[in-house]
Structure formats: C-alpha cells, structure tokens
Amino acid sequence: MTKGKVESLTDEEQVKFMAHFYRKEIRLIGTYFQCRNRLIVLLMLDAGLRVGEVVKLVVSDLHVLGSPVGMITVRSKISKTKTGREVPVTIRLHDSIQEMWLNTWQPRMYKPWNSLFLDAMQFNCLTSRRIQQICKTAGILSIGRPVHPHMLRHTFATRLMRKTNIRVVQQLLGHASLSSTQVYTHPNQQDLQTAIDALNK
C-alpha cells in the first residue's frame, strides 16, 4: 500500500477471484481444501478480518449450538489493536461457515476451543504465511496477478465506503483511530469510472 492509496480488487476481479474458490472439485481432499480456503478468503473479503486474526479464530467464534453465528466477535485477545469488535455475517459467509461445519467441524471431531484452520496434515494451525500463499496462487490463476490478504481487507473497506459512513467502516475494521480509516475515502480508478458512467445514463 502506497501512502494515501490502497490496493484493492475491482468488482470484476472479485468475481473472478471468488469463482476460483467455487469451482467444482472431483477429489474429496480437494473439496475439503477448497471449502477451507473459501471460508478463509471470505473472512477477509466479507468481514474485513486481518490475516493474523483469521489464524487465531476457534470454532466457537464462528459456530455456536449447531448454527453459524450471525455476528463474528473478534476477541480483543486476537485483535491487532487489542480491542474487540463485532462484524455482521454476510449471506455467503454464513453459508461457507455452515459448509465447513458439515464437512469438518462436527462435534465428534472438533471442540469449541479448537483452532479453525489446520494445515494439510491436520496437525498444526494454518499460518499467516500459508494463507498468503493461498491468496497469491489463487490471484495468479484467476485474475493474472498476485493477491495478498491485506488486499481483501482493503477491498472490504472500499466496498463499505460506497455504502456507509466512515465511522461505521472504522468500527468494522477495528481501527484505533479515524486517520487509519480515512485512506479509504480516496476515490480509486473504479470510483472515477463509475462517476463518469453515471453521466451516460
């Protein structure tokens, strides 16, 4: 991210990027990883979580009493700013959480305090670096350029700025100060194009 500017995905890139995680998998093991990776990217793209927060989530943060949560509580213990926050869950994020529950987080295998995302061998927690690799590879395959976790969070914030005010965005992102959020008030190229396109209607 350069000063005064954030790097995010365009609307078209978002569609292509997410399509990569919804493609049909034939192998059972491939389906598991696709399901896991889809939820990981949606937690950043639809809820604005930092990658460091994603890797510290436990089952009860997303699924309680047999149902996906309607509001994700980012505990102060895992928040970068050490301040907790709540983020409402989108429909597709809700569906992705439930899919992981049905395929992986069944009570017979996972307890509420278990880490959400495990590595390929199912022994250790997935690391931030591994998630960075997942996003980078998916970006190259889907839109022809690397995608980094922070770009998904930036995209979340950029989308929000088109719909609501800066104070709401600040709270959902968990920014300690408003100045951190103000970078998203700068129009990007897509915002400029949308403004001009509106003149043609």
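A short reminder: the numbers here are calculations on the coordinates, not readings from a lab. Treat the numbers as computed from the prediction; the structure is a model and nothing was measured. Positions of Cβ are generated from backbone atoms using ideal geometry, with glycine treated the same way; all protein chains shown enter the neighbour counts.
Numbers below:
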read-out	value
Net charge contributed by nearby residues that have their C-beta within less than 15 Å of Lys77 (K/R +1, D/E -1)	+3
Calculated FRET value between Val64 and Glu86, using beta carbons and R₀ = 22 Å, to 0.05	0.95
Long-range HN-HN contacts of His63 with modeled amide H, under 5 Å	Val69
Per-residue HN-Hα couplings for the stretch 7-19 [Karplus 6.51, -1.76, 1.60; θ = phi - 60°; Hz; x = Gly/Pro]	9, 9, 8, 6, 4, 5, 5, 4, 4, 5, 5, 6, 4
The stretch 31-50 residues near the modelled Asn103 label - backbone nitrogen below 15 Å, point 7 Å along Cα→Cβ	31-43
Ordering of 137-143, 77-83 by burial proxy (mean other Cβ atoms within 10 Å per residue, highest first)	137-143, 77-83
Sum of side-chain charges, Val89 neighbourhood, beta-carbon under 13 Å (Lys, Arg +1; Asp, Glu -1)	-3
